[in-house]
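Read the structure below first, then the notes.
The values are calculated or read from the model by the stated rules, or taken from the named source; none is laboratory data. Worth saying up front: this structure is predicted, and the values here are computed from it rather than measured. Methodologically, a virtual Cβ is constructed for each residue, glycine included, from the backbone with ideal geometry; neighbour enumeration extends over all protein chains shown.
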Amino acid sequence: MNVNSLEIQNFRNIENIKIEPCDTVNIIYGENAQGKTNLLEALWLFTGCRSFRGSKEKEMILFDENLVSKDFSKLSMNFSDNNRNHSAEFLLSDKKKVIYDGIEHNSSSIFFGEFLGIIFAPQHLNLVKGGPSERRKFINQALCQLRPKYSNVLTDFNKILEQRNALLKDVSHHSELLATLDIWDERLALYSAIIITQRLRYLSELEPFIKDIYFGISSGKEKIGISYDSVITIKNDDVEILKEEILKELQKTRKEDIINGTTSIGPHRDDILITLDGLPVKNFGSQGQQRSCALSLKLAEAAVIKKITGKQPVAFLDDVMSELDASRQDYILNHIDGWQVFITCCDPSSILKSKTGKIFEIKGGKLCSST
Ligand SMILES: Nc1ncnc2c1ncn2[C@@H]1O[C@H](COP(=O)(O)OP(=O)(O)O)[C@@H](O)[C@H]1O
Ligand SMILES: [Mg+2]
C-alpha cells in the first residue's frame, strides 16, 4: 500500500501543500508547531479512523489569526494497492463529504479496509501506561480497519448501551419499565458477545507477532504476554454461549446498575492485560520496558493487517524517533524496511544515516524544500 500523491488545502495551519512521496522512507521535518503532525493527520484520515489527536473535524479547517475559519478544507490523495490505483477526497465544510474512486459518500468509514495504516505517536505510550480506555481505543480502531463491519456493531452497541443506561435511570421511579429492561439486556448481551468475540480473535492473531517483536526489541530479556481482561467469565469464543454468560452477569449486577444508573459490565469496561514475565507492565514495567511494549503493540498491529489482508499498511511515525534510544530506533528502521513510511522529526540527520528516501521540510504550514 503506497501513497502516491497528496494535496492539502485549508487544513489546520496548511493552506496548500502538494507532495509526491516515495515508496520507502519519507521524512517530514521542521521546528515545533510548523505543521508536521498536521500533514500526517491529513493522511491518517484516509484510513477511515478518527484523528489520532481526538480532535473534532470542524476544528481541522484552517482558521486565521482572528480565529475565522475558511469555508472548507479539502484533502486529495492518490494511493496504490497491489498495483491498483485509487483516488480519495475528503471535504470538510458545513457537511462532511468523501469521494472514493469518483463515488460520493457521507461517511469516511468507506475507507476502512481500503487504505490501511498504523500510527505511532508519543501519546501511544499511554497504551501501556494509561487507563483501560486507551487500550479499548487501540483494539477498536485496529478492528475497524480490519473488519469494517465491526465499526457498525460498535456504533449499534453504543446506542443500545446509551438506551439501557437511560432506562436504568427511569426504572428507579417507574418499576413498570422493568420488562423493557429485559429486552435491552438481550440486545446488549448479543452485541457485547459479538464485540468480545472479535476482540478475542484479534488478540490471538496479535499474540505470536507481539511475542516475536518484543523478543527482538528486548534481545530476548523477558517474555511479553497479552490477554483480554474482562469481568465476564469467558469460557470460549462462541457468540451464543458468551451471550448467555453476559445475560447472567447483567442479571447479577442489575440492582447495582439501577442504583448507579449505568451499566457496570461489558466490552465498554474491559481491558487488555499486557505482562512481562507474568507481571502487569503498567504497574511493574520500567519506562524503557513500557516503551518497548507500546512499540511492539504497534508493529504487531501492522503484522496482523499484513497477515489478514495481504496488504502492507503505511506506517506513520509521529515524533517518536527522538523518544527512542538508538537500539530501538535501529530496530524500527530495520523492521519497516520496504514499507512506505512517514516519519516526522525535528532533526532528520540520525534517520538519514541509515536510510534513503525523500525529505520534506515544513515551515509555517508551507513546504519549503523537498529532496
Ligand atoms: N484549524 C487550524 N487552523 C490554523 N492553525 C491550526 C489549526 N489547528 C492547529 N493549528 C496550528 O497548527 C500548529 C501545530 O501544527 P503541528 O502539525 O501539530 O506542529 P508540528 O510541526 O510540531 O507537528 C499550531 O501552531 C496550531 O495552532
Ligand atoms: Mg508534531
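Being over 19 Å from the mean Cα position of the chain (by Cα) and touching a residue at least 12 places away in the same chain (Cβ under 8 Å) is the filter here; which residues of the range 265-309 pass it?
Hits for the range 265-309 are Ile265, Gly266, Thr275, Leu276, Asp277, Gly278, Val281, Lys282, Gly285, Gly288, Gln289.
Cβ-Cβ distance below 7 Å, separation of 6 or more or different chains: which pairs start in the range 35-47 with a residue that is closer than 17 Å to Cys346 by Cα and end on one that is within 10 Å of ligand 1 (Cβ to nearest atom) and polar (S, T, N, Q)?
Close Cβ pairs (under 7 Å, with a partner that is within 10 Å of ligand 1 (Cβ to nearest atom) and polar (S, T, N, Q)) amount to Gly35/Asn13; Lys36/Thr344; Thr37/Thr344; Asn38/Asn13; Leu40/Thr344.
Quick one: how many residues across the range 207-229 are buried (at least 16 other Cβ atoms within 10 Å of the Cβ) and assigned to a loop (DSSP other than H, G, I, E, B)?
Qualifying residue count, the range 207-229: 2.
Hey, can you tell me all the residues within the range 240-257 that are buried (at least 17 other Cβ atoms within 10 Å of the Cβ) and either within 22 Å of Asn140 (Cβ to Cβ) or charged (D, E, K, R) (or both)?
Once the filter is applied, which keeps residues that are buried (at least 17 other Cβ atoms within 10 Å of the Cβ) and either within 22 Å of Asn140 (Cβ to Cβ) or charged (D, E, K, R) (or both), the range 240-257 yields Leu242, Lys243, Glu245, Ile246, Glu249, Leu250, Arg254, Asp257.
I want to confirm something. Restricting to the range 18-43 and keeping residues that are polar (S, T, N, Q) and more than 9 Å from ligand 2 (Cβ to nearest atom), which single residue is surrounded by the most Cβ atoms within 10 Å (Cβ to Cβ)?
The selected residue is Asn26.
For the range 262-279, indicate whether the set of residues that are within 16 Å of ligand 2 (Cβ to nearest atom), of a type outside the set (Phe, Trp, Tyr) and over 20 Å from Asp212 (Cα atoms) is non-empty.
Checked the range 262-279: no residue is within 16 Å of ligand 2 (Cβ to nearest atom), of a type outside the set (Phe, Trp, Tyr) and over 20 Å from Asp212 (Cα atoms).
If you take the residues of the range 64-80 that are surrounded by 14 or more Cβ atoms within 10 Å (Cβ to Cβ) and near ligand 1 (Cβ under 9 Å from one of its atoms), which of them is farthest from Glu134 (Cα to Cα)?
The residue in question is Lys70.
Can you name the helices (runs of 4 or more DSSP H) wholly within the range 272-371 that have at least 3 residues being over 27 Å from Glu205 (Cα atoms)?
349-354
Quick check on the range 321-352: of everything there that is among the hydrophobic types (A, V, I, L, M, F, W, C) and at pLDDT 90 or above, which residue is farthest from Glu20 (Cα to Cα)?
So the residue we want is Cys346.
For the range 231-260, give me each residue that is within 28 Å of Leu177 (Cβ to Cβ) and in a loop (DSSP other than H, G, I, E, B).
Result: Val231, Ile232.
Out of the residues in the range 31-56 that are of a type outside the set (S, T, N, Q) and over 26 Å from Ala302 (Cβ atoms), which is farthest from ligand 1 (Cβ to nearest atom)?
Lys56
So which residues in the range 334-367 are over 15 Å from Asp318 (Cα atoms), in contact (Cβ under 8 Å) with a residue 24 or more places away in the chain and of a type in the set (D, E, K, R), if there are any at all?
Matches in the range 334-367: Lys355, Lys358, Lys363, Lys366.
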